[in-house]
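The values are calculated or read from the model by the stated rules, or taken from the named source; none is laboratory data. Keep in mind the model is a prediction, meaning the values are calculated, not measured. Note: ideal-geometry Cβ built from the backbone for every residue, glycine included; neighbour counts use all protein chains shown. Ligands, DNA and RNA are stripped out before the accessible areas are found, and what is left, the full protein with its side chains, is counted by its heavy atoms. Shrake-Rupley method; radii C 1.70, N 1.55, O 1.52, S 1.80 Å.
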Amino acid sequence: MNTWKRRTAYYITTLVVVLFGYALLYDYGMAAYEGHSQPFYQSVQVVVETFTTTGYGSDAPWATPQMNFLVILMDLTGVVLIFMALPVFVVPLFEDALSTTLPTTAEELSDHVVICTYSPRAETLISELDSWDVEYVIVEPDRETAMDLYESGYSVVHGDPESVETLEGVNLGDAKALVADASDEVDVSIVLTAHEAADDVRVVSVVEEPELATYHELAGVDRVLSPRRLVGESLADKVTTAVSTELDGAVEIGEDFEIAELPVQRGSELVGRTLAESGIRERSGANVIGAWIRGEFETPPSPDMELGAGTVLLVAGRQTQLERLKELTRSQAHRPGRGTVLVVGHGEVGSTVTDALARANVPYTTVDIEDKPGVDVIGDTTNPETLQEAGIEQARTVVLTVADDTLTGFGTLVARDLNPDIEVLARAEETENVQKIYRAGADYVLALATVSGRMLASTILEQEEVISMDKQVEIVRTTAPELTGQSLAEADVRARTGCTVVAIERNGDVLTEVGPDVRFQRGDDVIVAGTDEGVNRFTTLAN
């Protein structure tokens, strides 16, 4: 019995008992004090008339003070009972009338993706699914969250993802895949429930702690994803790239043709020059496809675009060309041996960063609010004294890996104030907070939600292969049947989508010299680079 029904039962029982109790008292009082005997049902009628305020009783007026006092008491009791009825009947009825009814089933769906439950990383996945016209449904146990999603236009059902009935209600048997993304322990329960509801469904889970991946696999997960480790490795690559002459983290497209992200470091000779003045193409041979400036992606970059500290160039070319360009983007102040690296936060991401730094023989100091193995300095990461104790004034780079975006933004401001020349690399939990952290002064920000969503999309979608999971720019290999017969100039991809066609795979060969006269042919695989939104627009345009 739910709360509303239970309250209703209590109220009606109380009302009946009080009504008949007063009827008995009134019947006795009329005989004892007023000298007037009457049938009991007439006494009940008088009490009902009094309680409902339709009159003061058909026997009024009363001559004795005892009966007048009883009637006054009945009047007050009737008012109290009316006010009691408001929260029991009236308010719930109005709430039900005004509130939105949340769906609890989605049996009409087929070949869809079931997402259990909603998280920030689901945004990127849903965008990818929408661009391919793949249906989805979110199973959300929290009613308030489900209501917000429903009113925002998401496909959502309110239910328990650990319930067989709920998963059967979203037609799991005909689903393309199920994504378990709640918590490590709950995900295991969801997976077991999913195989009970539909034994052959494909299941993908997102693991918070990589050491628990084994239990996910034992539960029957087809693919376990660990995005935190990938984010840590990517941030570590940015640090080791600054001190190494080797080009790490480049995406290989064809034979001796790669795409890479190269940040322009503070102190680089390129800082303060426009793209035209830098002579990048003439001096290195590499081609600048686009550029991230404080979280805003520009493609193609304008020749008048000024290169600042923290500008991230998206470049393509042969390995030797990219290595020459890397030398131009490096700072003399950040050569090997010049200062240590501060790693703030020693969770999964932070420990992955320190492991990579140790392998590269890069000195580092770890800071965390908790006393745990591997932590050098214990204290609040937003406290200047903590960072000073860790040696931020002499450090060349600080990597912020805490899981709270508010603390990351504040920590960026503190680090920049204590050492204006320091390079700040940051992990963001949610994509929407990336811009805030850039505004706080970070040089490079990578969102965990973005990386997670790309990993999920690349795992689930057969039509699209995400080549770059851990870059600010998304690089995908996909098809483009709707562009068949058009030249690159006629398709006008950059203007219409905001992304760049980097290469075309045709009959086993990779065409990297993609000029405006190159025409798309049936069966081509197209490699495009751009923001997640830009790539989704290309997918919608070309398929």
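Residues in region 127-141 that are in contact (Cβ under 8 Å) with a residue 12 or more places away in the chain and surrounded by fewer than 21 Cβ atoms within 10 Å (Cβ to Cβ) were compared, and the one that is farthest from residue 481 (Cα to Cα) is 141.
Which of the residues spanning region 512-532 are over 36 Å from the mean Cα position of the chain (by Cα) and not polar (S, T, N, Q)? It would help to see each step written out before you state the result.
Applying the first criterion (over 36 Å from the mean Cα position of the chain (by Cα)) to region 512-532 yields 513, 515-519, 521-522.
Residues satisfying the conditions are 513, 515, 516, 517, 518, 519, 522.
When region 480-538 is filtered for residues that are hydroxyl-bearing (Ser, Thr, Tyr) and more than 23 Å from residue 296 (Cα to Cα), the ones remaining, listed by number, are 484, 487, 512. Residue 280 falls short on exactly one of the conditions (1) in contact with a His (Cβ under 8 Å, 6 or more places away or on another chain); (2) at pLDDT 85 or above, and that condition is (1). Looking at 239, 221, 186, 191, just one residue is surrounded by 23 or more Cβ atoms within 10 Å (Cβ to Cβ), assigned to a helix (DSSP H, G or I), aliphatic (A, V, I, L, M) and modelled with pLDDT of 90 or more, and that residue is 191. Total residues in region 311-331 satisfying the condition of being open to solvent by 10 Å² or more (accessible area, probe 1.4 Å), under 10 Å from residue 285 (Cβ atoms) and touching a Leu at 6+ places or on another chain (Cβ under 9 Å): the figure is 0.
With farther than 26 Å from residue 207 by Cα, modelled with pLDDT under 90 and not hydroxyl-bearing (Ser, Thr, Tyr) as the only criterion, which of 356, 360, 390 stands out? When all the criteria are applied, what remains is 360. The set of residues from region 519-543 being crowded, with 16+ Cβ neighbours inside 10 Å and either in contact with a Phe, Trp or Tyr (Cβ under 6 Å, 6 or more places away or on another chain) or β-branched (Val, Ile, Thr) (or both) comprises 526, 527, 528, 531, 535, 539.
Would you check if residue 153 is open to solvent by 10 Å² or more (accessible area, probe 1.4 Å), over 23 Å from residue 431 (Cβ atoms) and either without any contact (Cβ under 8 Å) to a residue 40 or more places away in the chain or out of contact with any Phe, Trp or Tyr (no Cβ under 6 Å at 6 or more places or on another chain) (or both)? No, not satisfied. Take the conditions (1) at pLDDT below 75; (2) out of contact with any helix residue (DSSP H, G or I) (no Cβ under 7 Å at 6 or more places or on another chain); (3) open to solvent by less than 40 Å² (accessible area, probe 1.4 Å); residue 246 misses just one of them, which is (3).
Could you please let me know if residue 149 is closer than 30 Å to residue 539 by Cα and assigned to a loop (DSSP other than H, G, I, E, B)? First the steps, then the outcome.
On the way: closer than 30 Å to residue 539 by Cα: yes; assigned to a loop (DSSP other than H, G, I, E, B): no.
Considered against the rule, which asks whether it is closer than 30 Å to residue 539 by Cα and assigned to a loop (DSSP other than H, G, I, E, B), residue 149 comes out as no.
Scanning region 100-119 for residues that are surrounded by 11 or more Cβ atoms within 10 Å (Cβ to Cβ) and farther than 26 Å from residue 459 by Cα gives 102, 103, 104.
Would you be able to say whether some residue in region 434-444 is crowded, with 22+ Cβ neighbours inside 10 Å and at pLDDT 90 or above? There is at least one residue in region 434-444 that is crowded, with 22+ Cβ neighbours inside 10 Å and at pLDDT 90 or above. Condition check: buried (at least 23 other Cβ atoms within 10 Å of the Cβ) and in a helix (DSSP H, G or I). Does residue 459 satisfy that? Answer is no for this residue. Scanning region 378-389 for residues that are open to solvent by 10 Å² or more (accessible area, probe 1.4 Å) and of a type outside the set (S, T, N, Q) returns 378, 379, 380, 384, 385, 389.
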